[in-house]
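Notes to accompany the following structure.
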Amino acid sequence: VAERLTSIVLNASDPRSVAARARLRRWTDMLGHFPDLDQMEVLDLGGVPQYWLDAPVRPAHGTTVNVVDIATDESWIASEIGDACSVETLAARSFDLVVSNSTIEHLGGVARRAEFAEVVHAAAGRWWIQTPYRYFPIGPHWLFPGFQLLPLRARVAVTRAWPLGYRNTSSSGDAYDLVQEVELVTITELSHLFPEGEVWRERMGGLVKSIVAVRS
């Protein structure tokens, strides 16, 4: 039952899931900001080629940067291994648009997020940086109410016992690592990191679920 509930909420490959419907709404808004996406050279920080293979509109060319090797045979999209927080990853290359989905909350602290923002600004003048909102009442990675607001010890305990979500383990050490790897950000921090743009709020049930720093 827990696996099925998790899939209904988080499985973006299932068009009936909450995640898939949210992604479709984001695509609609993204294309409203970037109607010429099909003519753009796009950099996706933290992304994977499959995201673009499934997209309703494909860019002229895309480059994904991730810490893991994800091969693709498509000529219009390249997959590179690299650190999204290091300008050396891109060797001063420029793009028409930087896209990043649910990556900035996994980078490891305030300093790393600032470095990530520097990479974005160096790569393009237009960007779309999405992340789950810290104060949405359901922790998106664990599907647990108020998870991100709990003390560290409580979050570790939930990770070891809670059956929903994709981040559960019986090991206390692994649970600690899983908890520490996620740090959700606020509208204030996202605005500070990307002051030249605006913050678009994606809502669910009237509440802000995700936030996107966008400059078009």
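The values are calculated or read from the model by the stated rules, or taken from the named source; none is laboratory data. A quick note: this is a predicted structure, and the numbers were derived from the prediction, not measured. Cβ placement follows ideal geometry from the backbone for every residue including glycine, while neighbour counts extend to all protein chains displayed. We work out accessible area using only protein heavy atoms, side chains counted, and drop any ligands, DNA or RNA first. Shrake-Rupley method; radii C 1.70, N 1.55, O 1.52, S 1.80 Å.
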Can you tell me the Rg and Dmax of the chain, counting just the alpha carbons, in angstroms? 17.2, 48
Förster-model FRET efficiency, 45 Å R0, Asp38 and Leu149, C-beta, rounded to 0.05: 0.65
At a threshold of 8 angstrom on Cα-Cα distance, excluding pairs fewer than six apart, so keeping six or more, what relative contact order does the chain reach in percent? 16
Give me the 1.4 Å probe accessible area per residue for the chain, excluding ligands and nucleic acids, in Å². 49
Over the chain, with a Gaussian network built from C-alpha contacts below 10 Å, which listed residue (Trp200, Trp76, Trp128) shows the highest mean-square fluctuation? Trp76
Tell me, what ³J(HN,Hα) does each residue in the stretch 196-207 have, in order and in whole Hz, if you take phi through Karplus 6.51 cos²θ - 1.76 cosθ + 1.60 with θ = phi - 60° and put x for Gly and Pro? 7, x, 10, 10, 8, 9, 8, 10, 9, x, x, 9
Counting alpha carbon pairs within less than 8 Å and at least 6 residues apart, what relative contact order, in whole percent, applies to the stretch 136-195? 25
At 0.36 nm per residue, and after removing the present C-alpha to C-alpha distance, how many nm does the segment from Tyr135 to Ser75 gain when stretched out fully? 17.6 nm
